[in-house]
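Worksheet: the structure to be examined is printed underneath.
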């Protein structure tokens, strides 16, 4: 009942003309940028984040960012279907059947089922968010510094575990991200850390500078090595509303994708990418005609698209209730809220119920807006795809530069962004995942603060982390996470040594 | 790939060693009263250990030789990085809008090898967009001796 009351209040806030307008602008801008190849939700949010700073109100800002995030998730599929280049990582598997459908003259059906599947899954995710978030938030109020330390550690370990092929590489990136977060003035003692006597590092590294560097500039540098001018399916896009046959073929795929996406989306580091891949794999496994997959099966579009949107909604849950962002895009929303003076976490519902419920309500509205505007606007998005990358790249460099400069009106930040861009490019070349780096950077301060507080409270007794049941359980999970790859490695080694 | 993995592990291992040394110098404190270098010290140590493990796991020769860059593929990113650094140096001297216009020209001609016509189009549309963007958001972009 309290949830319904809160939600109604949220709707009252979200449908004010200003919030509605910025939610809509966010969704359209998010889709427009998300459509561009190579720019995923994280890069899209980082590019558009300076606009949200100028808004002043934390609620309006987060409503706009939620719109950008959901819009970017929708937009990514358009590029996958029409261009065979994933607009964002979560749409990689959509390319397989989506592009084939487009080639077979069914681009409209692929785009249509993708949008409708996304809408259904996104709405399910938001409904679950409405009812799961408040009790989880109340439970998290019992957390002290030791529990927070263990929870953050678990989040980071999961992020490293699920980030890519190598957990070790994910861990290296997470630790490196934590180390970067310590640069600047120590918040407790005021001592300078890793500033190398320069003024430029005294204020520490700004999150947006790092994010725009590694995701925005780094992405452009990588893209310059690749041919981004792939063949666009230019046949007239018609019949975007699925037929009864399409619907019958894809309804269970949407259902399965939604559930898989929601569960995976709750895990830090899991997110939309893993959800869509898992959903596609399961869909192919359960299909009676798996040979159709890869040849333009509509379930191959419906399931991953539903999964990535359900995951996108689910990933708000750990951020809003526990203060643990699960993926880089959510980490950006988290950081933007901190800058606006709002601390996401268990106290958010108590201290800023307007922000909490306003966001949830605006996600309902945003999802409906995206469905109704995306399908009719498909033609516009297709036109955007015709803009050559040779024009887009320098424009993105300009937007990043203005965005970072506008933070503190300091050119040094622009310089640092380019340095991080090159760092992001090199790390990508060496096949390091950048998600754990960014997540760790955001969580670094929380981890350090909770560690220091727990140690001071317990007079330096490390047993504080295992004497509290919740903290002990969380640390056990961390231990298990670390143990799994070691066991797998040893088993792999044994098998490798066995000549048979 | 193992050769490249060892190289990246070594580079980050050195960052870890340097980080741990730097953190110790700032002040480790104690478990009862952690100093400013306490948390960074443990992080840098962890980075060193993970990089060492990563290095050891990648010992031995590659079965297939893998190159991170195909022939000449590094050239466009390198040129783009050069253009970006000159751009940031020019902002303080020429102002944001003028240096952005120059960056567009340099990018079009040096990185993309586009025609003068498309470079001019990018300059006109891009700088007009920048002017509008900064005016709407009231961002005080630095002015140089041009605009």
Simple spin-label estimate for residue B:68/residue A:15, 7 Å along Cα→Cβ, in nm, reads 5.5
When B:88, A:93 are ordered from fewest to most other Cβ atoms inside 10 Å of their Cβ, what list results? B:88, A:93
Can you give the alpha-carbon Rg of the stretch A:88-200 over 2.2 N^0.38 Å, where N counts its residues? 1.66
Could you give the angle, 0 to 90 degrees to the nearest 10, between helix A:145-162's Cα long axis and the longest principal axis of the Cα atoms of chain A? 40
Listing B:79, B:143 by rising number of other beta-carbon atoms within 10 angstrom, fewest first, gives B:143, B:79
Once you keep just the Cα pairs under 8 angstrom separated by 6 or more residues, what percentage relative contact order results for the stretch A:1-65? 39
Sorted peptide list for A:116-125, A:98-107, criterion being average Cβ within 10 angstrom, highest first: A:116-125, A:98-107
Residue mean of other protein chain beta carbons inside 10 Å, B:15-26: 2
Quick one: if you stick a label point 7 Å off each Cα along the C-beta vector at residue A:248 and residue A:132, how many nm between them? 3.3
Angle between chain A longest axis and helix A:469-497 axis [Cα atoms, degrees, rounded to 10]: 60
Principal-axis tilt of helix A:411-429 within chain A, Cα atoms, nearest 10 degrees: 70
Mean separation of Cα pairs under 8 Å and 6+ residues apart, divided by the residue count of chain A: what relative contact order is that in percent? 27
For A:370, A:154, A:482, which order do you get if you count the other beta carbons within 10 Å of each Cβ and list the fewest first? A:482, A:154, A:370
The percentage of Cα-Cα pairs in chain B separated by more than 26 Å is 58
Ignoring everything except DSSP H segments at least 4 long, calculate the 222 nm mean residue ellipticity for the protein assembly as shown; use -39,500 (n - 2.57) per segment, divide by total residues, nearest 500. -24000 deg cm²/dmol
Yeah, the stretch A:249-363 with a ≥ b ≥ c from its alpha-carbon gyration tensor (a/c under 1.5 is rounded, else prolate when a/b outruns b/c, oblate otherwise) is prolate
Over all directions, how big on average is the projection of the convex hull of the alpha-carbon atoms in chain A, in square nanometres? 25.4
Which of the peptides A:348-357, A:126-135 is most tightly packed, and how do the rest follow, judged by the mean count of other Cβ atoms within 10 Å per residue? A:348-357, A:126-135
In Å and whole numbers, how far do the C-alpha atoms of the stretch A:1-131 stretch along each principal axis, longest first? 48, 35, 21
Can you give the relative contact order of the stretch B:19-130 as a percent, counting alpha carbon pairs under 8 Å and 6+ residues apart? 15
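Coordinate-derived values only; no laboratory data. Computed from a predicted model, the values in this text were never measured in an experiment. Don't worry about glycine lacking a Cβ; one is built from the backbone with ideal geometry, like all the others, and counts go over all protein chains shown.
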